[in-house]
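Asks: Please see the structure below; I have some questions.
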Amino acid sequence: MSLLVVGLSHRSAPVSVLERAALSADAQGKLLQDTLAAEPAVEASVLSTCNRIELYADVDKFHAGVAELSTLLAQHSGVGLEELTPYLYVHYEDRAVHHLFSVACGLDSMVVGEGQILGQIKDGLARSQDLHTAGRLLNDLFQQALRVGKRAHSETGIDRAGQSLVTFGLEQLADGTPVDGWASGKRALVIGAGSMSSLAAATLARAGVSEIVVANRTLERAERLAQILSEPGGTGVTARAVRMDAVGAEMARADVVVSCTGATGLVLAEAEISGAIGERERELALLDLAMPRDIDAAAHRLAGVRLVDIESLAEASADAPMAADVDQVRGIVSDEVAAFGAAQRAATITPTVVALRTMAADVVAGEIARLDGRLPELDEKQRAEITQTVRRVVDKLLHAPTVRVKQLAAEPGGAGYADALRTLFDLDPEAVAAVSRADLNELNEPVAKNRGRAS
């Protein structure tokens, strides 16, 4: 395993840099393809959220891999390498596994313990699977990260340590007042219909807003979200959908606006916000959860406007208390990292063991065929008994060494046991490689069937 991650997050870079480095879905796909085309990388996945951009790769050279991945991140983000480099972090092998598992558990989130990251990890895995840039290592890594994250949330009270970014943002807008009381009876405008916007709409509905208007560039998606919110099985709130050109008029009626789109430019400019609020006396609360930002930061200067965005959330979260459960989650992460490393090391010897057993089966088949030539008078029952006896002898001779070599290979520094086994039994390297290729082809068959977005 030569796992490498190069990235930047709210912990390493100011929001202004994260905002400029944000990657669209198309840019992420191009980054994955270019990473795979680069010489040091044989697999690649991207994890992109509102407060992190990370490129994962299986590389054969550490220093060349760091240089190549850093350069690719700079090229595709549009931030110059010289400017970007001071904010990049690098994790390798077990440290890279530890980092992703910590991220999956919410330990590295802006709001500690939040669970939305699991859906974003699932999206990153699905994207690399769609583009065939994830092989066995990254498939195993990301799928195990999802399981570790779910385990942390089910076995500990990490949920008490944190909340969703939406809830945290609304708490900042409420400024010390319980969100349910602050939101009760308000009119809300939600811009965007993706997972974060949908969560914001549902959270506002549960908090007691009187109406939710959903605006989206694709009206059908806005209508679908509005229908889900208003139907009896949903939140039951009054909800309707509008086109983006109606945002100004709806903002004039709204008390709270939440925006989270994939736009590359501003969705709400200062002048548009100023025109919408006019001379009204009630406050307009704006929550911008997009990266890059949707709402002009200058809006905070407007009288009667309260703006909370990713930058202010980052500042507020720095003072958030840590729960005692965090230590328990850290223990889970450490245990899971060790288990993952052992499993990966053990897996490296499996093709060699399979090739050895295949060779042994071929030797048995050859000897039985030769016996048939020397003793043609053997009946079927006698032949079957001899064949079974020889196979049992071979299986018993191979059982202890193959079990033990798997155990040894799972230990740190056990990578050399596969080479030793190949040398001792004079195994054809191509036979071992053929087993590996067959395993990878089998792996790629079912992955598309197991996908689904985290809610």
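Asks: Under 7 Å between Cβ atoms, at least 6 apart or on separate chains: pull out the pairs that start in the range 166-181 with a residue that is open to solvent by 60 Å² or more (accessible area, probe 1.4 Å) and end on any residue that is modelled with pLDDT of 90 or more.
Replies: Correct list of pairs: GLU171/VAL179; ASP180/ALA207; ASP180/GLY208.
Asks: Criterion first (open to solvent by less than 40 Å² (accessible area, probe 1.4 Å) and at negative phi) does THR49 satisfy it?
Replies: It is true that THR49 is open to solvent by less than 40 Å² (accessible area, probe 1.4 Å) and at negative phi.
Asks: A follow-up question, please. Out of the residues in the range 1-33 that are among the basic types (Lys, Arg) and not in a loop (DSSP other than H, G, I, E, B), which is modelled with the highest pLDDT?
Replies: Here the residue is LYS30.
Asks: Here are some residues: LEU189, LEU229, LEU173, LEU204. Which one is more than 25 Å from the chain's Cα centre (by Cα) and not in a helix (DSSP H, G or I)? Give the steps one after another, and end with the answer.
Replies: Working: LEU229 fails: not in a helix (DSSP H, G or I); LEU173 fails: not in a helix (DSSP H, G or I); LEU204 fails: not in a helix (DSSP H, G or I).
Exactly one residue qualifies, and that residue is LEU189.
Asks: Related question: Note down all Cβ pairs under 6 Å where the first residue falls in the range 385-411 and is modelled with pLDDT of 85 or more, the second is assigned to a helix (DSSP H, G or I), and they're at least six residues apart or on different chains.
Replies: Taking only residues 6 or more apart or on different chains, the pairs are THR387/ILE368; VAL390/VAL364; ARG391/VAL364; VAL394/ALA360; VAL394/VAL364.
Asks: Given the options ASP94, ASP26, ASP60, name the one that is under 18 Å from the mean Cα position of the chain (by Cα), more than 28 Å from ASP288 (Cα to Cα), among the charged types (D, E, K, R) and surrounded by fewer than 24 Cβ atoms within 10 Å (Cβ to Cβ).
Replies: Just one listed residue meets the conditions, ASP94.
Asks: Considering only the range 251-266, how many residues are within 23 Å of ALA174 (Cβ to Cβ) and either small (Gly, Ala, Ser) or surrounded by fewer than 21 Cβ atoms within 10 Å (Cβ to Cβ) (or both)?
Replies: 5
Conditions tested, residue by residue: (1) open to solvent by 20 Å² or more (accessible area, probe 1.4 Å); (2) of a type in the set (A, V, I, L, M, F, W, C).
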{"position": "ARG282", "(1), (2)": "yes, no"}
{"position": "LEU287", "(1), (2)": "no, yes"}
{"position": "ASP296", "(1), (2)": "yes, no"}
{"position": "ALA299", "(1), (2)": "no, yes"}
{"position": "LEU302", "(1), (2)": "yes, yes"}
{"position": "GLU336", "(1), (2)": "yes, no"}
{"position": "PHE340", "(1), (2)": "no, yes"}
{"position": "ARG345", "(1), (2)": "yes, no"}
{"position": "ALA369", "(1), (2)": "yes, yes"}
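Asks: Then there's this: Need at least 2 residues that are among the hydroxyl-bearing types (Ser, Thr, Tyr), within 27 Å of GLY194 (Cβ to Cβ) and modelled with pLDDT under 95 per element, so show me which helices (runs of 4 or more DSSP H) inside the range 43-136 make the cut, counting only ones lying wholly within it.
Replies: Filter on the range 43-136 gives an empty set.
Asks: I need the full set of residues from the range 373-427 which are small (Gly, Ala, Ser) and at negative phi, in order please. Quick ask: steps written out before the conclusion?
Replies: Kept after step one, since they are small (Gly, Ala, Ser), are these residues of the range 373-427: 373, 384, 400, 409-410, 413-416, 418, 420.
Scanning the range 373-427 gives GLY373, ALA384, ALA400, ALA409, ALA410, GLY414, ALA415, GLY416, ALA418, ALA420.
Asks: Given VAL333, VAL363, VAL267, which one is at pLDDT 85 or above and within 30 Å of GLU430 (Cα to Cα)?
Replies: Of VAL333, VAL363, VAL267, the one residue that is at pLDDT 85 or above and within 30 Å of GLU430 (Cα to Cα) is VAL363.
The values are calculated or read from the model by the stated rules, or taken from the named source; none is laboratory data. Bear in mind that the values here come from a model prediction, so they are computed numbers and not experimental data. FYI the Cβ positions are ideal-geometry reconstructions off the backbone, even for glycines, and counts take in every protein chain you see. The accessibility values were calculated without ligands, DNA or RNA, using every heavy atom of the protein model including side chains. Shrake-Rupley method; radii C 1.70, N 1.55, O 1.52, S 1.80 Å.
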